[in-house]
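Here, each number is a calculation from the coordinates, and none is a lab measurement. Just so you know, these numbers come straight off a predicted model, no measurement behind them. Every residue, glycine among them, receives a Cβ derived from its backbone with ideal geometry; neighbour counts consider all protein chains shown.
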Amino acid sequence: MSRSKLEMATQTLRTAQGIAGLFFRLRHGRDSAQKQFIFSAVTPLVLYMGFFTLFPMLWGLALAFFEYSARRSGGPVLGLGGDNPFVGLQNFGDMLNFAPDAPLNVRQFHISIRTTLLFAFLILPLNLAITLPLAVSIESAHDRLKGFFRMFFFLPVLAPSVGVAIMWSYVYHPQRGLLNGILTSLNGKLVGINWTGDQSLIFLGVPIALIAVIIAYLWQDLGYNLVIFIAALQSIPESIKDAARMDGVSGWQMFRYISLPLLKPTILLTSVLTMISSFQVFDIIQVMTEGGPNDQTRVLLLDIYNNAFRFQRMGWASAVSVVLFLMVFSISLVQTRLLRTEWEY
Amino acid sequence: MDTAQALPLQTRKGLKLDKYRVYLLLIPASLVAILPFVWMIFGSFKTGSEIRQIPPTFFPKEFTLQNYANILTDKELPLGLFYRNSAIIALANVVQVLFTSSLYGYLFAKFNFRGKNAIFWFILATMMIPHQVTMIPGYLILARLGLLNKLWGLIIPAAIDAFGIFLFRQFSLSIPNELLDAARVDGASEFRVYRSIILYQLGPALATFGMLTFMFNWNAYLWPLIVLTEQNVRTLPIILTWYSNQHTQQLHLTMAASVMVILPVLFVFIFAQRWIVKGITLTGLK
């Protein structure tokens, strides 16, 4: 009894102290304590982002107007000028040189743009064509198996893309690969197709080597959209599905007229994200083909990497980076517009 | 009356049929999906002479652990060192990114100060710029700071994650102000409010975002490839490609090395899978 009274008394005292303290600080020190906290937190943020975010952005943009190599010492400011001369818009002008005798780096840039767009526009429909039915199937499987299948198809997302690339190169290996092994046993005769290295293999205008890396990329990337679609399917209200069931719709009709329209915003958003990330593909292609055969799988990021870090053409590579940025940025603008649209059901 | 009774029965039957039909798609799809993985695992247990056989065998005829023994004793390939490099970079980045994201997310959600909107818009704008676009100046900066071929080179420039700040600002907005004021009444300093209340309230989101950050860092390839060109500072993904380029004719060894690089952490990720999936569906992050 006395103990709880004592506790109550100390509690009251503490609260009183606290309130008094607050009033005191509100009048005298609270504001300045908060100001100090904000100041000591925001100052390093601004300095840090200025140096590690804004500065590289501006520097990268500036480099696009120079012929720059880190090997040459150049002018006093960031090595620009001097042996690394200012060339104005020449890098961008060169990009528009479509003559057959254009310099190699220009022709390779054109190839990279085309390959990147081809890659992205093939990935997107293939991805949706696999993930949507798969998500619906997993969602309608038995409860106990749902989690298993979801994890199973999601696992490749967690693996390092380098490991995935190496693993797929064992599948495509011309002599010891799984794919040729299967074809040999089906065919009865030895099959030795060089899936990722023979430039004469073309299917409907698309190089087989590109299709090979697309399959490996899809294999790893499917899980992302899959889990997003499963989550979206789960958020469709049961009442809507029940109403449809009462009307006796079939599974396909349920998907076509109920799930698909309601998934539309999710599909649009994942399409944009899939597009952006496939514009930036690098790991799988660099490991599996290094852009070959004969630049058939050369994508923009590989072009930038090779120019900047293997051939020391950093000015040109920066100009290509600006183009990559504009591509990603324009798709991002579409994304923000989609996000701003309000969806309701 | 008749139809009313018949209807639920029919729907249930129809549903059941649907339920089994989905396995006609799911089971073959699973088998195809796991095939490359199984191929690599089987290959890692084959002998050198069996791997050279044409046409290749599927199941190992002679099951051997020699490849793994060779990898573990290869002096050219101190796997422990590369695991350590990868772990240091990934863990350091998780800790600092969680700290800055939660602190600045909270700051932008709950405080007003001059220039707040400008800074926040700048952070949002940087989210639209892919990292790869600034990798050339990023490399030049590290070169001038003498941070190339140092693990610090992958840690120091990675302290701020724009998306993390954005995410934790959204989460912080939902924390009631009364809770923060109550702590202040009790005499807590501003940093103490952050440490004891904000961090606690953001706990589950921090765990999820931390898993994603760890995974991205652990699997990163392009940026470490540029910054770390000396063997002893390299991370696992770079070492794996280096090793398989060195031993293109010994697939049994490179397969065993791949398994040893991919599998242990994949195993950890399987347990964390629920959180990672939650993080991805929550944020749409890629």
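The residues neighbouring A:GLN296, those whose beta-carbon lies less than 14 Å from its own, together hold a net charge of -1 under the Lys/Arg +1, Asp/Glu -1 convention. The relative contact order of chain A, computed from alpha carbon pairs under 8 Å that lie at least 6 residues apart in sequence, is 23 percent.
Mean partner shielding of peptide B:140-151, defined as the number of other chain Cβ atoms within 10 Å of each residue Cβ, is 2.
Summing +1 for each Lys or Arg and -1 for each Asp or Glu among the other residues whose beta-carbon sits under 12 angstrom from that of B:LEU179 gives -1. Ranked from largest, the principal axis spans of the Cα set of the range B:219-281 equal 40, 30, 18 Å. Normalising the Debye intensity of chain A to I(0), with uniform scatterers on Cα atoms only, and taking log10 at q = 0.07, 0.10 Å⁻¹ returns -0.52, -0.85. Computed on the Cα trace of chain B, the radius of gyration divided by the Kirkwood hydrodynamic radius gives Rg/Rh = 1.10. Panel note: the C-alpha atoms of the range A:214-262, placed on their principal axes, show extents of 42, 19, 13 Å (largest first). Take each residue in B:122-130, count the other chain C-beta atoms within 10 Å of its C-beta, and the mean is 5. Panel note: the C-alpha atoms of the range B:151-286, placed on their principal axes, show extents of 70, 31, 23 Å (largest first).
Amide H to amide H, with H built 1.01 Å from N, A:PHE66 comes under 5 Å of A:VAL87, counting only residues 5 or more places away or on other chains. For the residues A:VAL249, A:VAL87, A:VAL299, a GNM of chain A with alpha-carbon springs under 10 Å puts the largest fluctuation on A:VAL249.
Quick note on the range A:136-278: its Rg to Rh ratio, both from C-alpha atoms and Rh being the Kirkwood radius, is 1.09. Neighbour counting of Cβ atoms within 10 Å sorts the residues B:SER244, A:SER73, B:SER174, fewest neighbours leading, into B:SER174, A:SER73, B:SER244.
Counting Lys and Arg as +1 and Asp and Glu as -1 over every other residue whose Cβ lies under 14 Å from the Cβ of A:ALA209, the net charge comes to -2.
Bridging of A:LYS146 to aspartates and glutamates at a Cα separation below 15 Å is possible for B:ASP18, once same-chain residues fewer than 8 apart are set aside.
Each peptide in A:54-62, B:22-30, B:85-93 gets a packing score, the mean of other Cβ atoms within 10 Å over its residues, and the list from highest to lowest is B:85-93, A:54-62, B:22-30. Reducing the range B:171-223 and the range A:161-196 to their Cα centroids gives an inter-centroid distance of 48 Å. Listed by number, the DSSP H helices of chain A that run 15 Å or longer by alpha-carbon position along their axis and have mean Kyte hydropathy of at least 1.6 are A:208-234.
Each part gets one Cα centre, and for the range A:267-326 versus the range A:72-110 those centres are 18 Å apart. Counting, for every residue in B:158-171, the Cβ atoms of other protein chains within 10 Å of its Cβ and taking the mean gives 1.
Projected over all directions and averaged, the alpha-carbon convex hull of the protein assembly as shown occupies 40.5 nm².
Scan chain B and note any complete DSSP helix (H) whose C-alpha atoms cover at least 27 Å along its axis and whose Kyte-Doolittle average is -1.0 or more.
Helices meeting the criterion: B:2-44, B:79-110, B:251-283.
Given a cut-off of 25 Å, name the pairs among A:LYS35/B:LYS150; B:LYS116/B:LYS150; B:LYS116/B:LYS278; A:LYS264/B:LYS278 whose C-alpha atoms lie farther apart than that in the structure shown. Pairs exceeding 25 Å: A:LYS35/B:LYS150; B:LYS116/B:LYS150; B:LYS116/B:LYS278. Within the range A:95-179, list the chymotrypsin sites (Phe, Trp or Tyr not before Pro) lying in a DSSP loop whose Cβ has at most 15 other Cβ atoms in a 10 Å radius. Passing sites in the range A:95-179 are A:PHE98.
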